[in-house]
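What follows is a short report on a single structure.
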Amino acid sequence: MWLFGGSSKKQEDNTVVASTPSSEFVSEKSNTPEITNSLQSSFPTIPTFDASKLHPLAGLDKELEYLELDDEKLSTIKGTGNGILPSRGWSDDLCYGTGTLYVSGLGLGGLIGFNEGLKNLPSGSIDHVTGVVKPAPFKLKLNTVLNQVTKHGPHIGNSAGVLGLLYNIIDSSLDAYRGQHDDLNSLLSGALAGAIFKSTSGIKAMGYSTGMMTLAAATWCGFKRLIN
Amino acid sequence: MSTPEADHSRDPCPIVILNDFGGAYAMGVIGGSIWHGIKGFRNSPYGERRIGALSAIKARAPVVGGNFGVWGGLFSFYDCSIKAIRKREDAWNAIIAGFCVGGSLAVRGGRKHMLNSAITCAIFLGILEGVGMMFQRYMAYANKPVPMPVPDQGAAPLGA
């Protein structure tokens, strides 16, 4: 009956009155016309469709209904979740974190490569006999741009993906070890991920990379604070 | 997109693409580290085996991860798009998505190469889906409901 929204509450009240044990047979009999009256009067005045008045079970008043997960499947570590997506634990964090970083690295690298390709477009060839400049064919230009895109895109994407993978693995391990998810874990795992990422390039590069990743982790923590 | 056959163990469609990108990438990097670690170790001269393994991992594992990630992410993207267009979920979704992925990844190799690659990918996914379906049927057969034993009506009163 809750499909008809507004009328459901009135009806519930009536049934409660009708089924109270104290009501005698006579009073119950006298109640029935009222119920039918109220039902009849409520049916023609079915209100216009309003999602917020529906039964809460339908959950239609919420906007992004599909982003909700079963409660028992959610991560149990304290302070978990980033406020954007619900998390079911380390595998969700890992997949979404790595995937987001990888895809954004790929996109950024693709844009850089596109720019590089447009800068280095092949100039046309000069015919030595007549001296006329022949413009390079379109396919050659397209090939130059695509070469640059596929050179820079995967490079930056792979680096970002490896950083995200390391960060998320260390972060989840720290979460599980300490039993809570907080900014300290995030900063520490950022520093460790940066250090491991540049661990074969000498102390100086390692220091730079560690600092940059700690800064990035701090930015991420601040961003989470901001949106929550 | 909640068709009755929808798989609720996975996230809903637009967002699951990121998940698949990340999952496939992580799988590729970890698998590639093991693979190229062993390969680099074996192919290095004695005395440089560990550093050889490390440099092989550094050079190759992210590339393997990238290949896996792009494949998985593109597949998820096409799968979601096809689901949205066809409004149903069956084995053909995966096969068509595999066809599209194979074609997209070979897009720079020319038309013939694209078609070959697309058909190879579609056949591969068809086999995968077929094996999955066979497995599902076998599981259903193994766990099929057993009929209740019919009580022996003639003998019971006599025995009691």
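The values are calculated or read from the model by the stated rules, or taken from the named source; none is laboratory data. Not measured: the values here are computed from a predicted model. Glycine gets a Cβ as well: all are built from the backbone with ideal geometry, and neighbour counts include every protein chain shown. The area values use the complete protein model at the heavy-atom level, side chains included, leaving out ligands, DNA and RNA. Shrake-Rupley method; radii C 1.70, N 1.55, O 1.52, S 1.80 Å.
In the set A:LEU146, A:LEU165, which member is at the interface with another protein chain (Cβ under 8 Å from one of its Cβ atoms) and over 22 Å from B:VAL107 (Cα atoms)?
On the way: A:LEU146 fails: over 22 Å from B:VAL107 (Cα atoms).
After ruling out the rest, the residue left standing is A:LEU165.
Could you count how many residues in segment A:91-102 are open to solvent by less than 50 Å² (accessible area, probe 1.4 Å) and facing chain B (nearest Cβ under 7 Å)?
The total comes to 7.
Count, please, the residues in segment A:93-148 that happen to be of a type in the set (Asp, Glu) and part of a helix (DSSP H, G or I). Walk me through it before giving the result.
Taking segment A:93-148 first, the residues of a type in the set (Asp, Glu) are A:93, A:116, A:127.
Applying the additional criterion that residues be part of a helix (DSSP H, G or I) yields A:93, A:116.
The qualifying residues number 2.
Only one of (1) more than 14 Å from every other protein chain (Cβ to nearest Cβ); (2) touching a Leu at 6+ places or on another chain (Cβ under 6 Å) is not met by B:ALA26, so which one is it?
Result: B:ALA26 passes all but (1).
For segment B:36-56, which residues satisfy the criterion of being surrounded by fewer than 21 Cβ atoms within 10 Å (Cβ to Cβ) and within 13 Å of chain A (Cβ to nearest Cβ)?
B:ARG50, B:ILE51, B:GLY52, B:ALA53, B:LEU54, B:SER55 - these are the residues of segment B:36-56 that are surrounded by fewer than 21 Cβ atoms within 10 Å (Cβ to Cβ) and within 13 Å of chain A (Cβ to nearest Cβ).
Return the pair list, or none, for Cβ contacts closer than 8 Å from residues in segment A:194-208 that are at negative phi to residues that are part of a loop (DSSP other than H, G, I, E, B) and open to solvent by 60 Å² or more (accessible area, probe 1.4 Å), at least 6 apart or on different chains.
The qualifying pairs are A:ALA205/A:LYS198; A:MET206/A:LYS198; A:MET206/A:SER199; A:TYR208/A:LYS198.
Of the conditions (1) at negative phi; (2) of a type outside the set (Phe, Trp, Tyr); (3) open to solvent by less than 50 Å² (accessible area, probe 1.4 Å), A:ALA176 clears all except one; give me its number.
(3)
For segment B:109-130, state whether one or more residues are more than 19 Å from the chain's Cα centre (by Cα), touching a residue at least 12 places away in the same chain (Cβ under 8 Å) and on the phi > 0 side of the Ramachandran plot.
Among the residues of segment B:109-130, not one is more than 19 Å from the chain's Cα centre (by Cα), touching a residue at least 12 places away in the same chain (Cβ under 8 Å) and on the phi > 0 side of the Ramachandran plot, which makes the answer no.
Looking at segment B:85-131, which of its residues are of a type in the set (Gly, Ala, Ser) and not in a helix (DSSP H, G or I)? So that I can check it myself, show each step before the final result.
Of all residues in segment B:85-131, those of a type in the set (Gly, Ala, Ser) come to B:91, B:94, B:97-98, B:102-104, B:106, B:109-110, B:117-118, B:122, B:126, B:130.
Result: B:ALA106, B:GLY110.
Residue-wise test of (1) among the polar types (S, T, N, Q); (2) open to solvent by 40 Å² or more (accessible area, probe 1.4 Å).
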{"residue": "A:PHE114", "(1), (2)": "no, yes"}
{"residue": "A:LYS119", "(1), (2)": "no, yes"}
{"residue": "A:SER123", "(1), (2)": "yes, yes"}
{"residue": "A:ASP127", "(1), (2)": "no, yes"}
{"residue": "A:VAL132", "(1), (2)": "no, yes"}
{"residue": "A:ALA136", "(1), (2)": "no, no"}
{"residue": "A:LEU142", "(1), (2)": "no, yes"}
{"residue": "A:HIS155", "(1), (2)": "no, yes"}
{"residue": "A:SER159", "(1), (2)": "yes, no"}
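Do any residues in segment A:123-141 that are under 22 Å from A:GLY113 (Cα atoms) have Cβ atoms under 7 Å from those of residues that are open to solvent by 80 Å² or more (accessible area, probe 1.4 Å) and at pLDDT 80 or above, where the two are at least six apart or on different chains, and which pairs are they?
Short answer, once both residue conditions are applied: A:GLY124/A:VAL133; A:GLY124/A:LYS134; A:GLY124/A:PRO135; A:ALA136/A:SER123.
Quick check, is A:LEU165 crowded, with 18+ Cβ neighbours inside 10 Å and assigned to a helix (DSSP H, G or I)? Please lay out each step first, then the result.
Working: crowded, with 18+ Cβ neighbours inside 10 Å: yes; assigned to a helix (DSSP H, G or I): yes.
Considered against the rule, which asks whether it is crowded, with 18+ Cβ neighbours inside 10 Å and assigned to a helix (DSSP H, G or I), A:LEU165 comes out as yes.
In segment B:76-103, which residues are open to solvent by 40 Å² or more (accessible area, probe 1.4 Å) and within 14 Å of chain A (Cβ to nearest Cβ)?
The answer is B:PHE77, B:LYS83, B:ALA84.
Of a type in the set (S, T, N, Q) and in contact (Cβ under 8 Å) with a residue 60 or more places away in the chain - does that describe any residue in segment B:76-88? Break it down into steps so the answer makes sense when it comes.
Narrowing segment B:76-88 to residues of a type in the set (S, T, N, Q): B:76, B:81.
Of the ones still in play, those that are also in contact (Cβ under 8 Å) with a residue 60 or more places away in the chain are B:76.
Yes.
Under 7 Å between Cβ atoms, at least 6 apart or on separate chains: pull out the pairs that start in segment A:157-172 with a residue that is under 14 Å from A:ASP92 (Cα atoms) and end on any residue that is among the β-branched types (Val, Ile, Thr) and open to solvent by 20 Å² or more (accessible area, probe 1.4 Å).
Note: no pairs meet the criteria.
Might you let me know whether segment B:133-145 holds any residue that is buried (at least 16 other Cβ atoms within 10 Å of the Cβ), assigned to a helix (DSSP H, G or I) and away from chain A (no Cβ under 12 Å)?
Taking segment B:133-145 first, the residues buried (at least 16 other Cβ atoms within 10 Å of the Cβ) are none.
Looking through segment B:133-145, none of the residues is buried (at least 16 other Cβ atoms within 10 Å of the Cβ), assigned to a helix (DSSP H, G or I) and away from chain A (no Cβ under 12 Å).
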